[in-house]
Amino acid sequence: MTTKNEINKDLNTYNPDYAVSPYDTLQECIELNAFGCYTKEELSSLIEDSPPIDRDLAVDLENCTGITSEFWINSWKNYKTKEVK
């Protein structure tokens, strides 16, 4: 039986039928205290405003979290795509 949440074995990628906001990921990073370059207040403001994640913001987030800028950009695009549906 195939489900929407399946692993595409050819690409070895997970293709869920839902999207998680990159700002939820950012919130988890705050809770884990995974930042050294933003204050909690700055991050809370960023999460509250939830601006589109462009290249500059993605690079800043990568430098702070160690999570690649590509993750942040793709997470944002995926979230917005799923949110529209």
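Scanning segment 61-70 for residues that are under 13 Å from the mean Cα position of the chain (by Cα) and surrounded by 13 or more Cβ atoms within 10 Å (Cβ to Cβ) returns 61, 62, 65, 67, 68, 69.
Yes/no matrix, rows are residues, columns are (1) aromatic (Phe, Trp, Tyr); (2) modelled with pLDDT of 85 or more:
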{"residue": "2", "(1), (2)": "no, no"}
{"residue": "21", "(1), (2)": "no, yes"}
{"residue": "24", "(1), (2)": "no, yes"}
{"residue": "60", "(1), (2)": "no, yes"}
{"residue": "71", "(1), (2)": "yes, yes"}
{"residue": "85", "(1), (2)": "no, no"}
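If we scan segment 29-46, do we find a residue that is buried (at least 16 other Cβ atoms within 10 Å of the Cβ), touching a Cys at 6+ places or on another chain (Cβ under 9 Å) and under 22 Å from residue 18 (Cβ atoms)? So far as segment 29-46 goes, yes, one or more of its residues are buried (at least 16 other Cβ atoms within 10 Å of the Cβ), touching a Cys at 6+ places or on another chain (Cβ under 9 Å) and under 22 Å from residue 18 (Cβ atoms). Only residues that are under 14 Å from residue 25 (Cα atoms), assigned to a helix (DSSP H, G or I) and either in contact with a strand residue (DSSP E or B) (Cβ under 7 Å, 6 or more places away or on another chain) or not hydroxyl-bearing (Ser, Thr, Tyr) (or both) were counted across segment 43-69, and they come to 8.
What number of residues within segment 72-85 are part of a helix (DSSP H, G or I) and surrounded by fewer than 16 Cβ atoms within 10 Å (Cβ to Cβ)?
7
The values are calculated or read from the model by the stated rules, or taken from the named source; none is laboratory data. Given the structure is predicted, the values throughout are model-derived calculations rather than measurements. Don't worry about glycine lacking a Cβ; one is built from the backbone with ideal geometry, like all the others, and counts go over all protein chains shown.
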